[in-house]
Amino acid sequence: MTSKPAPGTNDGAAAAWGAVFALSLGAFALVASEFMPVSLLTPIASDLAITEGQAGQSLAISGAFAVVTSLTLTSVTRRIDRRHVLLALMALMVASGTAAALAVSFPVFLVGRALIGVAIGGFWSLSAAVAMRLVPDSKVPRALAIFNGGNALATVIAAPMGSLLGGLFGWRAAFLCLIPVAAAALVWLWFSLPALTPQARRAPGNIFALLKSPAVALGMAATALFFMGQFTLFTYLRPFLETVTNVGVSTLTVMLLMLGFAGFVGTSLINRPLERSLYPTLVALPVLLALTGLGLVLFGSSSIGTGSLMIAWGFIATSAPVGYWTWLARTLPNDAEAGGGLMVAIIQLSITLGATLGGLLFDAGGYVPTFLSSAMLLLASGALAVLTAMRLRREAHGGGFGASPQRATSI
């Protein structure tokens, strides 16, 4: 008897690679917009008459709305064609950039950040499930890698572009430049994305049932601590570079470009270690990032030392999400949409908490307590990755929740 493909897969159907690349462009626009304030924190704070810590909270606002959206979108839109949902999310991206660029006050700016949060939460929670319907099942990892390629490219371009445009024309020009990119993604999706009729889904609220597996719960906690630790530090990198390393706009732009390019390289190279040894890699990534953060505390006054550490930060931090999405795909292969929604909610909540914690610490005590807290959270993430691997091995050998040969051999 020939086995049927898993629900939501596309084996035997033509691959819609045009739509996959259009979604990658959309991912680029979304990620660039989400993290644009990082490279523009100082001028935004000055123009809107707020502190740098308060300006950093704009990442917390977008993260909070992304959390709510990722947890509720599938139930709210359960009868709506996924094509229409994705087009609406990209239209929100255009509206968000317009609101942020033309904001006359901090509350209006936060409205724009809230809209981008909705777009981000919806887009990423649907990404894995949509990929399974656009390409054959065997090509899903490649499609997800293309999605993450848009993410990685945004890290290369967004921060240095924001810094450069902010220095030349003001921070508003940087946000305005993203609007035509989002509009292009919207038009491309309009013509390339096929109809994606709703499929049967879990009942609302059952998304949290995935956490009944101790291995899943531990893995999600490790993911949460990684992103919280990362953004406790990363959100406040520009004021650190300006006040501790004492760099100007041109040097800052070069450093951010190096960080972004290193992230692009890291994303391109991470697949091989993940395929060979997933869990050792997921343990090493947060530990190495924590050491990088501690290095910034020790050598932050040196432009050469800081530049080298920023290259390491970009390489590790940008490639790490590929690892966590790979973990999700291997651990919950039959719960792509529910698992993706839960993962996005956890990541965005962690970004929110990290940006908030970092802002409070940076305003109260400067970069030292901020960066040390980041390192502690990252080390805790590595420890939880060890516990996840141990628990998953026990479940796989003992026939526990979701045990499978694939899970047993991928540890």
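The values are calculated or read from the model by the stated rules, or taken from the named source; none is laboratory data. What you see is a predicted model; the values in this text were computed from it and never measured. For neighbour counting, all protein chains shown are included, and Cβ atoms are generated from backbone atoms with ideal geometry for every residue, glycine included. Heads up: the accessible areas ignore ligands, DNA and RNA and are worked out on the full protein's heavy atoms, side chains in. Shrake-Rupley method; radii C 1.70, N 1.55, O 1.52, S 1.80 Å.
General observations
- Selection count, region 38-72, where residues are open to solvent by 10 Å² or more (accessible area, probe 1.4 Å), more than 19 Å from L353 (Cα to Cα) and of a type outside the set (V, I, T): 5
- Applying a threshold of 6 Å to beta carbon distances and a minimum spacing of six or more residues, or different chains, the list of pairs starting in region 249-266 at a residue that is over 20 Å from N148 (Cβ atoms) and β-branched (V, I, T) and ending at one that is modelled with pLDDT under 85 and open to solvent by 80 Å² or more (accessible area, probe 1.4 Å) reads T253/L164.
- Among the residues of region 297-329, those identified as small (G, A, S) and either open to solvent by less than 20 Å² (accessible area, probe 1.4 Å) or assigned to a helix (DSSP H, G or I) (or both) are G300, S303, G305, G307, S308, A312, G314, A317, S319, A320, G323, A329.
- Filter pass, T292 being closer than 18 Å to L233 by Cβ, assigned to a helix (DSSP H, G or I), out of contact with any Pro (no Cβ under 7 Å at 6 or more places or on another chain) and in contact (Cβ under 8 Å) with a residue 60 or more places away in the chain: no
- Cβ pairs under 6 Å, 6+ apart, first in region 308-326 and free of Cβ contacts under 8 Å to residues at least 40 places away in the same chain, second in a helix (DSSP H, G or I): L309/T292; L309/G295; L309/L296
- Residue that is over 16 Å from the mean Cα position of the chain (by Cα), surrounded by fewer than 21 Cβ atoms within 10 Å (Cβ to Cβ) and under 20 Å from S373 (Cα atoms), where the choices are T243, T251: T243
- Meets criteria (at pLDDT below 85, crowded, with 16+ Cβ neighbours inside 10 Å and either more than 19 Å from W190 (Cα to Cα) or out of contact with any Leu (no Cβ under 7 Å at 6 or more places or on another chain) (or both)) for F35: yes
- Flag if L294 is at pLDDT 95 or above, open to solvent by 10 Å² or more (accessible area, probe 1.4 Å), under 21 Å from L257 (Cα atoms) and not basic (K, R): no
- Residue in region 11-23 that is at pLDDT below 90, under 30 Å from L168 (Cα atoms) and either surrounded by fewer than 20 Cβ atoms within 10 Å (Cβ to Cβ) or charged (D, E, K, R) (or both) present: no
- Criterion violated by R79 - all others in (1) open to solvent by 40 Å² or more (accessible area, probe 1.4 Å); (2) farther than 19 Å from A16 by Cβ; (3) at pLDDT 90 or above satisfied: (3)
- Listed conditions (1) surrounded by fewer than 18 Cβ atoms within 10 Å (Cβ to Cβ); (2) over 30 Å from G366 (Cβ atoms); (3) of a type in the set (A, V, I, L, M, F, W, C) are all met by V283, apart from (1).
- Region 96-111, residues that are in a helix (DSSP H, G or I) and either open to solvent by 40 Å² or more (accessible area, probe 1.4 Å) or touching a residue at least 40 places away in the same chain (Cβ under 8 Å) (or both): S96, G97, T98, A100, A101, F106, P107, V108, F109, L110, V111
- Contacts under 7 angstrom Cβ, first residue in region 213-234 being touching a residue at least 24 places away in the same chain (Cβ under 8 Å), partner of a type in the set (D, E, K, R) and open to solvent by less than 40 Å² (accessible area, probe 1.4 Å), 6 or more apart: A215/E395
- Every residue from region 118-141 that is open to solvent by less than 10 Å² (accessible area, probe 1.4 Å) and at pLDDT 85 or above: A119, I120, G121, G122, F123, L134
- Taken together, L349, L332 contain a single residue that is touching a residue at least 24 places away in the same chain (Cβ under 8 Å), within 14 Å of the chain's Cα centre (by Cα) and surrounded by fewer than 23 Cβ atoms within 10 Å (Cβ to Cβ), which is L349.
- Yes/no for G354 being at pLDDT 90 or above, under 17 Å from the mean Cα position of the chain (by Cα), of a type outside the set (S, T, Y) and within 21 Å of A317 (Cβ to Cβ): yes
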